[in-house]
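K.L.:
To start, I am sharing the structure in question, which I have written as structure tokens.
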Amino acid sequence: MLKISEKLSDLSSLGLDDKIVEKLKQNGILSTKELCKTSKKTLKKLNFSVKDVNYIEVKLQLLGLDLSRK
């Protein structure tokens, strides 16, 4: 089990596809903590597909985290 500080650090800890991680970084989302502050709606505005958004959400939930509900 990862510690909270490890969970909230690098995006690579989520095990996301490299293309998704690169796209997140290009859009200024550099850490898991920043990703958790991001909403589904925001990700869709950043041109992530519904499939990608759901994939990201599942990966976060596996670590006990989630996207913002705002």
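The values are calculated or read from the model by the stated rules, or taken from the named source; none is laboratory data. Computed from a prediction, not measured in an experiment: that's the story for all the values here. Reconstructed Cβ throughout: ideal geometry from the backbone, glycine too, with neighbour counts over all protein chains shown.
K.L.:
Within region 13-43, which residues are small (Gly, Ala, Ser), closer than 15 Å to residue 59 by Cα and in contact with an Asp or Glu (Cβ under 9 Å, 6 or more places away or on another chain)? Walk me through it before giving the result.
P.N.:
So in region 13-43, the residues small (Gly, Ala, Ser) come out as 13, 15, 28, 31, 39.
After this cut, where a residue has to be closer than 15 Å to residue 59 by Cα as well, the list is 13, 15, 31, 39.
Matches in region 13-43: 13, 31.
K.L.:
With the structure loaded, tell me whether residue 21 is in a helix (DSSP H, G or I), of a type in the set (Val, Ile, Thr) and free of Cβ contacts under 8 Å to residues at least 12 places away in the same chain or whether it fails that test.
P.N.:
Working: in a helix (DSSP H, G or I): yes; of a type in the set (Val, Ile, Thr): yes; free of Cβ contacts under 8 Å to residues at least 12 places away in the same chain: yes.
In short, yes.
K.L.:
For the subset of region 42-70 comprising residues that are exposed (fewer than 12 other Cβ atoms within 10 Å of the Cβ) and modelled with pLDDT of 95 or more, which member is nearest to residue 9 (Cα to Cα)?
P.N.:
So, considering only residues that are exposed (fewer than 12 other Cβ atoms within 10 Å of the Cβ) and modelled with pLDDT of 95 or more, the one nearest to residue 9 (Cα to Cα) is 58.
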